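I have a structure here, written as structure tokens, and I will follow up with some questions on it.
What follows is calculated from the coordinates using simple rules that are stated; it is not laboratory data. The structure presented is a predicted model; accordingly, all values stated were derived computationally and were not measured. So basically every Cβ, Gly included, is an ideal-geometry build from the backbone, and we count neighbours across all protein chains shown.
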Amino acid sequence: MMARRYGMCLCLALAALPIVGATAATPAAVRVDFSEHTLKNGLRVQLVEDHTTPVIAVNVSYDVGSRNERPGLTGFAHLFEHMMFKGSKNVGDGEHFYQVFTNGGAMNGTTSSDLTVYYEALPANQLEMALYMEADRMRSLDITQAKLDNQRQAVQEERRLRVDNQPYGRSYERFDEVFYDKFGYKHSTIGSMEDLNAASVQDVAEFFRIYYAPNNAVLTVVGDFKRDEALATIKKYFEDIPRQPAPPPVDLIEPKQTAERRETLTDPLARAPQILIGYKIGVGNDADQAALQVLSSVLQGGDSSRLYQSISKEKELVSGIGGYVEERIGTGGFYVTATVRPDQKPEVVEAAIYEEIARITEEPIADWELQKARNATRLGYLQSIRSAQNRANILGSYTILFKDPNLINTRLQKIDAVTRGDVQRVARKYLIPTGRTVLTTLPAPAAPAAPAAPGP
Amino acid sequence: MNTVTHKNTVLALLSSLLFVQASAQAPTPPGSAAPAGASTKGVELKGKVPVNPQTLRVQLPKPQEAVLKNGLRVSLLEDHKLPTFSMQLYFNGGGLADPADKRGVAMVTASQLREGTKQRSSREIAEQLATLGAALSSTAGPASGESVVSVTGLSDNVEQTLAIASDVIRNPTFPASELDKFRARFLAQLQIQRANPGFQAQEQFMRAIYGEHPGALVVPSEPVIKGLTSADLAAFHAARYRPNNAFLIAHGDITLKDLVAKLEHHFGDWAKADLNKVSLPPPKGPEKARVLLVDRPGSVQTSLWIGSLGIERNSDDYFAMLVMNHILGGGPASRLFMNLREDKGYTYGVYSSFTGTTFPGVVVASTDVRTAVTEGAMHELDFELQRIANEPVTERELTNARRALIGRFALSLDSPLSLMGNLATQKIYKLPADYWDTYPQRVEAITPADIQRVAKKYYDRGQLQIIAVGDAKQVGKVLEKYGAVEPATPM
């Protein structure tokens with residue numbers, strides 16, 4: 001077992017270096033100190049002792065997502081996640097969430113294209129229970145046809161709820177199909193009904209063996225416990241779960257896009273046109289990501305942003321506008337979404353967005369805008385690390401997504417180091433017409449039982 | 001309402017459970033349930049999990065309190081863990097204080113607070129707050145008892161943040177041009193919201209329960225929104241946004257001495273005013289059971305909301321209702337979830353909830369199910385609502401409900417918003433000072449007979465309102481079993 005120890009608890013310390021040119025006093029630096037350990041079977045363990053509240057939070061992040069699916073089995077990673085609540089050798093079907101909620105805890109599991117996470121927060125006296133249940137399903141998931149059929153139905157209802165029965169549901173799904181070329185990100189995480197129907201018990205068992213191995217996971221525990229005791233309990237329950245060969249790699253780096261991509265859908269459930277715009281960017285946590293985050297904050301972060309002020313408030317073209325940067329393991333995206341006022345034309349809105357993008361590439365942003373991006377990021381960061389559960393989730397996610405859990409402590413510095421010149425440079429580099437994908441959704445008269453169909 | 005739905009919130013993160021906590025303020029989104037037989041039909045307990053039998057008892061932190069010279073009452077939960085602060089200013093008088101012909105004034109007043117002051121334009125307010133890394137929002141609902149302003153920021157910037165907050169809270173000018181823009185934006189957004197079947201079901205349900213009472217309004221009516229003037233907002237503001245009509249709850253990296261000094265500086269000369277007491281006749285509730293169907297041709301799911309009129313927050317039935325709701329549909333370990341989702345696979349989520357403020361709230365069980373199983377889902381929902389009313393809950397269900405409801409206090413200590421919410425609840429409803437300390441005993445006092453009694457009383461079959469939003473051609477017949485189906489007009 002290797003151990004890298006950083007300290008004991010969440011603590012405050014004064015930053016050693018003044019920020020050059022800052023008008024305000026140097027803000028207090030905040031760190032999340034964690035220790036790292038690797039068990040004999042390859043399971044990475046991260047521990048944060050924090051005795052300020054009597055809670056414990058556990059996160060198990062698996063290095064798998066819908067990126068690892070193959071054609072014909074879309075939606076499988078997420079369907080599998082549901083199976084993880086259906087029981088294992090010593091934990092009954094549904095018992096996991098039953099025990100957590102019955103003992104005053106909260107929990108969930110989520111699947112994205114890049115990773116699958118399971119987490120629970122509980123009163124501090126239930127740490128052993130949480131570790132026992134996570135270990136038992138990592139070791140001995142109990143897979144049957146009846147359980148698979150049961151969760152297939154729940155997942156298909158989830159698809160209906162979020163996609164098929166929602167305005168713009170199909171548009172979000174279609175967007176990735178147009179935006180991406182490589183299969184890993186080209187299909188939706190929820191998957192198609194047809195593929196969900198095709199998933200077999202054998203597929204579940206195979207997926208479990210390949211991806212749910214201890215050497216393909218990170219266990220993070222944050223809260224009110226003694227580290228040595230927690231580590232001993234973790235070793236007791238996890239360390240003899242057998243290691244598996246490393247999963248096959250997936251190519252998630254997109255070829256350079258050379259021409260704009262554009263599509264129009266009609267949607268009988270929509271009552272106003274919507275525009276989705278995405279620009280290809282690099283991989284998560286690369287050297288340009290901090291500047292892209294600042295760029296997004298200035299362009300579309302909140303009601304002080306340029307897009308909101310110009311297109312929603314001044315020109316009154318949209319009922320909603322905003323966006324974000326998605327940092328992925330592979331090629332990510334810079335997204336803008338606008339919901340067009342019923343009395344306005346999508347092409348006018350689109351042109352207005354490009355006008356603002358042109359302006360940000362041509363002139364440097366204002367000092368206050370840079371300050372805004374820094375402070376908004378700082379407040380968001382501080383809020384995000386307040387709860388034990390969030391800290392556990394961030395550490396686990398950063399480890400899988402960026403191979404760097406300590407990013408929890410360095411991200412703010414990266415944002416603070418971004419200059420006005422950097423913002424202009426990344427705007428010019430990425431927000432270009434040839435890197436762009438545009439999907440417009442138009443309301444259509446209701447057609448009986450017809451899902452939104454691709455347009456011409 | 002300025003945000004748009006980002007694609008990743010829709011598709012990228014798929015949760016295995018969509019757990020919606022029952023809330024005393026608002027109904028949960030659609031969900032529903034159906035039973036089968038044993039209450040834990042969907043769960044299998046193997047008895048091997050090392051559960052600590054002790055429920056961790058915790059003390060909620062006690063606030064430090066002060067009163068400003070102008071009468072504003074201040075409570076602080078001091079916490080230096082992180083260099084941030086939050087405060088919430090509660091004014092007595094939300095939508096319930098609206099003029100009867102202008103139900104919506106409180107909501108629009110709150111939403112227009114930061115759209116201009118004597119010193120700052122809307123844009124300057126947005127830019128200055130953003131530059132400080134601060135967030136300020138204000139809300140009131142058409143049926144809320146309070147208008148609430150929330151401020152969060154970096155503790156390095158408390159002084160500057162409070163300067164802007166004070167200007168926004170005390171000196172809004174409600175420019176007509178901003179109100180016009182708001183109106184157009186709001187009506188466009190409303191059109192989009194009303195495309196959502198869950199929202200449609202909620203609007204229909206509230207109207208069925210409350211009739212003419214403002215509790216019926218999820219959002220104000222379009223004619224009211226179109227007719228409001230700046231003068232309406234200014235009048236509401238002048239009457240309600242007053243220091244002697246408010247209390248302030250703060251949390252974070254600041255001492256009481258420092259907080260009070262800063263508040264006296266920025267709010268000290270804020271004038272008191274004579275206050276009108278809000279009084280409103282209580283809602284009558286539904287006179288008879290009804291089945292309302294909103295036709296959504298081609299809908300692949302049916303949204304179902306079933307319930308009736310419930311209790312006030314101060315009701316003697318509160319704790320019985322709390323425990324009953326927990327067992328019926330208060331989360332994934334509940335009867336509804338275990339039956340309709342885990343056993344039957346009809347739905348992604350099904351929950352029950354209850355609300356209640358100074359007037360009686362609702363009790364409701366809700367879900368979205370695929371169209372083809374609407375009949376089965378209705379059967380199971382009906383079964384569970386009857387079972388909880390007609391049979392005592394098991395000893396194990398009761399024990400588990402107690403463990404859950406008491407045990408979750410520990411988690412609330414890790415959530416300043418929960419702690420602030422608890423304090424606000426205590427103040428708004430004038431609950432005793434030891435209310436949260438004695439909460440566990442009150443939960444433990446509830447018996448199976450109490451649970452059965454409140455289930456029978458509030459999920460009374462003679463008053464049950466059943467709302468369905470779905471494809472009428474396919475589900476109309478199915479619903480007739482539960483009463484004459486009335487077509488409901490979408491709002």
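Could you pull out the pairs from B:284/B:457; A:226/A:414; A:280/A:313; A:372/A:403; A:40/A:403; A:89/A:236 whose alpha carbons sit more than 23 Å apart here?
On the way: B:284/B:457 15 Å; A:226/A:414 32 Å; A:280/A:313 28 Å; A:372/A:403 29 Å; A:40/A:403 19 Å; A:89/A:236 17 Å.
Too far apart for the 23 Å limit: A:226/A:414; A:280/A:313; A:372/A:403.
When you count, for each residue, the other Cβ atoms within 10 Å and take the mean per peptide, how do A:255-262, A:372-379, B:346-353, B:425-432 rank with the highest first?
Numbers: A:255-262: 11.1, A:372-379: 23.4, B:346-353: 29.4, B:425-432: 14.4.
Put in order of decreasing packing, that is B:346-353, A:372-379, B:425-432, A:255-262.
Give the lysines whose C-alpha is closer than 28 Å to that of residue B:69, dropping any in the same chain fewer than 8 places away, or say none.
B:118, B:257, B:262, B:272, B:277, B:427, B:430
Any lysines with Cα under 20 Å of the residue B:473 Cα? List them, leaving off those in the same chain fewer than 8 positions away.
In chain and number order, the partners are B:481.
Pull up all non-local amide H partners of residue B:471: gap of 5 or more, or a different chain, and H-to-H distance under 5 Å with H placed in the peptide plane.
Distant-sequence amide H within range of residue B:471: B:296, B:299.
What is the order of B:80, A:96, fewest Cβ neighbours within 10 Å to most? Before the final figure, lay out the partial values.
Values: B:80 11, A:96 27.
Listing B:80, A:96 from fewest to most nearby Cβ atoms yields B:80, A:96.
Considering every residue in A:119-128, what mean count of other chain Cβ atoms within 10 Å of its Cβ is obtained?
Numbers: counts 0, 0, 5, 6, 14, 4, 8, 9, 2, 4.
Per residue, the average neighbour count from other chains is 5.
As a footprinting exposure proxy, order B:120, B:335, A:420, B:370 by other Cβ within 10 Å, with the fewest listed first. Write out the running numbers ahead of the final one.
Values: B:120 20, B:335 30, A:420 17, B:370 24.
If I rank by nearby Cβ atoms, fewest first, I get A:420, B:120, B:370, B:335.
Given the C-alpha centroids of region A:100-170 and region B:223-259, what is the distance between them in whole angstrom?
Answer, in whole Å: 42.
For the modelled label position 7 Å from the Cα of residue B:314 along Cα-to-Cβ, which residues of region B:89-113 have backbone nitrogen atoms closer than 17 Å?
B:92-94, B:96-97, by backbone N distance to the label point.
May I pose another question? Quick one: compute the contact order of region A:2-238, relative version, from alpha carbon pairs under 8 angstrom and 6+ residues apart, as a percent. Mind dumping the intermediate values first?
Values: 418 pairs, mean separation 71.6, N = 237.
Dividing the mean separation by the residue count of region A:2-238 yields 30 percent.
Averaged over peptide A:51-60, how many Cβ atoms belonging to another chain are found within 10 Å of each residue's Cβ? Each step should come with its number before you reach the end.
Details: counts 0, 4, 8, 9, 8, 1, 2, 0, 0, 0.
Mean partner-chain Cβ count within 10 Å for A:51-60: 3.
Under 22 Å between alpha carbons, and skipping anything fewer than 8 positions from residue A:86 in its own chain: which lysines qualify?
Straight-distance partners of residue A:86: A:147, B:41, B:46, B:48, B:344.
Also, quick follow-up: Among the complete DSSP H segments of chain B, which ones combine at least 30 Å of alpha-carbon extent along their axis with a mean Kyte-Doolittle hydropathy of -1.0 or more? Numbers along the way, then the final one.
Details: long enough: none.
Long hydrophobic helices here: none detected.
Averaged over peptide B:150-162, how many Cβ atoms belonging to another chain are found within 10 Å of each residue's Cβ? Don't jump to the answer; show the numbers that get you there.
Values: counts 0, 0, 3, 2, 7, 3, 7, 4, 0, 0, 1, 0, 0.
Whole-number average of other-chain Cβ neighbours for B:150-162 is 2.
Then there's this: Starting with the fewest neighbours, write out A:178, A:45 ranked by other beta-carbon atoms found within 10 Å of each beta-carbon. Before the final figure, lay out each step's value.
Details: A:178 17, A:45 24.
Exposure proxy ranking, most exposed first: A:178, A:45.
Next question, about the same structure. Can you work out the FRET efficiency for the pair residue A:251 and residue A:367, with r the C-beta to C-beta distance and R0 = 35 Å, to the nearest 0.05?
On the way: r = 42 Å, r/R0 = 1.19.
Efficiency, from the Cβ-Cβ distance: 0.25.
In what sequence, highest mean first, do B:357-367, B:266-276 appear when ranked by Cβ atoms within 10 angstrom? All intermediate terms of the calculation are to be shown ahead of the outcome.
Values: B:357-367: 26.3, B:266-276: 14.5.
The peptides rank, most packed first, as B:357-367, B:266-276.
Is the C-alpha gyration tensor of region A:2-238 telling us rounded, prolate or oblate? Criteria: a/c under 1.5 is rounded; beyond that, a/b larger than b/c is prolate, otherwise oblate. List each step's numbers first, then the result.
Values: a/c = 2.07, a/b = 1.36, b/c = 1.52.
Since a/c reaches 1.5 but b/c is at least a/b, the shape of region A:2-238 is classed as oblate.
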